[in-house]
Amino acid sequence: MRVGVPAESRPAERRVAGLPETVTTLVGAGLTVDVQAGAGAHAHASDAAYRAAGANVVPDHPAGRCEVLVSVQPPTPEQAARLREGDITISFLQPAAEPELVEVLKANGVTSFSLDLLPRVTRAQSADALSSQALVAGYRAVIEATRRLPKFLPMFTTAAGTVPPAKVLVLGAGVAGLQAIATARRLGAVVEAYDVRAAAKEEVRSLGAKFLELGLETQGGVYAQAQSEEFLERQRELIAERVAASDVVITTAAVPGRTAPVLVTTDMLKAMAPGSVVVDLAAETGGNVAASQPGEDTWIGEVLVVGARNMPSTMPVHASRLYARNVANLLLMMTADGRVEPDLDDEVLAGCCLTHRGELRRELP
Ligand code: NAD
């Protein structure tokens, strides 16, 4: 069966869903792989490298000319309209934001898999693109903050005196937050963090950061649930002083399927020292920081608020490497003897299957 890897066509997307190494893997599993010319340009994977790995390099978007279409961003409704009954597509479909696309996939009888719906179970870990891309975002958030901070992160002891280390506060210690903590620690900052999940406490400490004990009763176990507005109000009161004392704040607190909670208000930003930097990784899902705008830097007085937009796309080489492996691993879970035939009784495949044989298999949030 034929797998197609397009050049991403949605604005500002620099990642790619297949790299030469995953082409080799898929060809080894008996599949044929078509890669659109230039698909790997931002990830520095040349057409020649794809050919050497066993792919056919094709001039156009492969939708309609392959049985399996794999991409980072979802196909456009026009591209999806070229998919045929029984074709398979894998991407971050973000179905709630793509009602028109979902209708086309359903109407055409496409079997679509959305990596943002993948169950977070052990067997699915090698395909967990939400985690791999969150790791990239968490790392990059620290780099973006550091680049804008008019200060050092590490402590320096010099003949001209000692410079103290920067103080970094990370709110939300999931995959992205933990990677932000680890990166800020490696750069020499003093780091503290808070998460509503009790399990995060040990993870934060194991990275050499301090866990903020707010003494709040939280809801939710492994995965965060939305906290009440009363809880959030109390949380903001309790962290205000830690925000004011920080040189850098990185917020990553998302709640799956819901608008992100506001953790940092404009008044809290105004209490920070001039030159401080706040990076809001949740800017695209409503924002943890009142003033943040996705893709924009906003000054609140002398404090800079960086609203993240598609952070993983700013690191296309490694973000693509991890994503392409996630996609190949998911594809291998449904491939035998060169045929891709998903077993929808399998909990991992069933969990992330959005449409199949004209049916919508998941309720949209
Ligand atoms: P996420 O992106 O959904 O959210 C980011 C973090 O924000 C979470 O840790 C969440 O608890 C936190 N948060 C939400 N509201 C908050 C608030 N008001 N204040 C402070 N923090 C708040 O989370 P994620 O990175 O996808 O990971 C969530 C959990 O899932 C983690 O425990 C992670 O280790 C786990 N996980 C498990 C697997 C697996 O395969 N078993 C895979 C990936 C992640």
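With the convex hull built on the Cα atoms of the stretch 233-308, state its orientation-averaged projected area in nm².
Across all orientations, the stretch 233-308 yields a mean hull projection of 4.3 nm².
Calculate how steeply helix 129-148 sits against the longest principal axis of the alpha-carbon atoms of the chain, using the helix alpha-carbon long axis, and give the answer as 0 to 90 degrees to the nearest 10.
The helix 129-148 is inclined about 40 degrees to the chain.
Give me the distance in nm between label points sitting 7 Å out from Cα along the Cα-to-Cβ direction at Ala97 and Ala350, one decimal.
Calculated label separation equals 2.9 nm.
Would you mind checking the tilt of helix 175-186 against the longest principal axis of the Cα atoms of the chain, expressed as 0 to 90 degrees and rounded to 10?
Result, in degrees: 50.
Sequence gap of 8 or more, or different chains, plus Cα separation below 24 Å: how many lysine pairs satisfy both in the chain?
Taking the Cα cut-off of 24 Å, the pair count is 7.
For the stretch 161-239, what is the accessible area per residue in Å² when the probe is 1.4 Å?
It amounts to 48 Å² per residue over the stretch 161-239.
First measure r as the distance between the Cβ atoms of Leu360 and Val163, then evaluate 1/(1 + (r/R0)^6) with R0 = 56 Å and state the FRET efficiency to the nearest 0.05.
Calculated value: 0.45.
What is the packing order of peptides 35-46, 324-335, taking the mean over residues of other C-beta atoms within 10 Å and listing the highest first?
Averaged packing, sorted descending, gives the order 324-335, 35-46.
Name all residues of the stretch 1-27 having a backbone nitrogen under 11 Å from the label point set 7 Å from the Cα of Thr76 along its Cα→Cβ direction, giving them as ranges.
Within reach of a label on Thr76, which here means backbone N under 11 Å from a point 7 Å along Cα→Cβ, the stretch 1-27 contributes 9-11.
Send over a whole-number figure in Å² for the accessible area per residue of the stretch 26-76, probe 1.4 Å. Mind showing how you got there, number by number?
Values: 1910 Å² over 51 residues.
In whole numbers, the stretch 26-76 has 37 Å² accessible per residue.
If a/c stays under 1.5 just call it rounded; otherwise compare a/b with b/c (prolate if a/b is bigger, oblate if not). Do that for the stretch 277-328, with a ≥ b ≥ c from the square roots of the Cα gyration tensor eigenvalues.
Verdict is prolate for the stretch 277-328.
When the accessible area of the chain is split by element with a 1.4 Å probe, what percent falls to carbon and sulfur?
Within the chain, the accessible surface is 52 percent carbon and sulfur.
Give the shape of the stretch 174-315 as rounded, prolate or oblate, defined through the alpha-carbon gyration tensor: a ≥ b ≥ c are the square roots of its eigenvalues, a/c under 1.5 means rounded, and otherwise the shape is prolate if a/b is larger than b/c and oblate if not. Working shown, then result.
Numbers: a/c = 1.24, a/b = 1.17, b/c = 1.07.
Rounded is the answer for the stretch 174-315, as its axis ratio a/c remains below 1.5.
Once amide H atoms are built 1.01 Å from N in the peptide plane, which residues 5 or more positions from Val57, or in another chain, come under 5 Å H to H?
Here the answer is Val35, since their amide H atoms fall under 5 Å of that of Val57.
The values are calculated or read from the model by the stated rules, or taken from the named source; none is laboratory data. What you see is a predicted model, and the numbers here were worked out from it, not measured in a lab. Reconstructed Cβ throughout: ideal geometry from the backbone, glycine too, with neighbour counts over all protein chains shown. Just the protein is used for accessible areas: all its heavy atoms, side chains included, with ligands, DNA and RNA removed. Shrake-Rupley method; radii C 1.70, N 1.55, O 1.52, S 1.80 Å.
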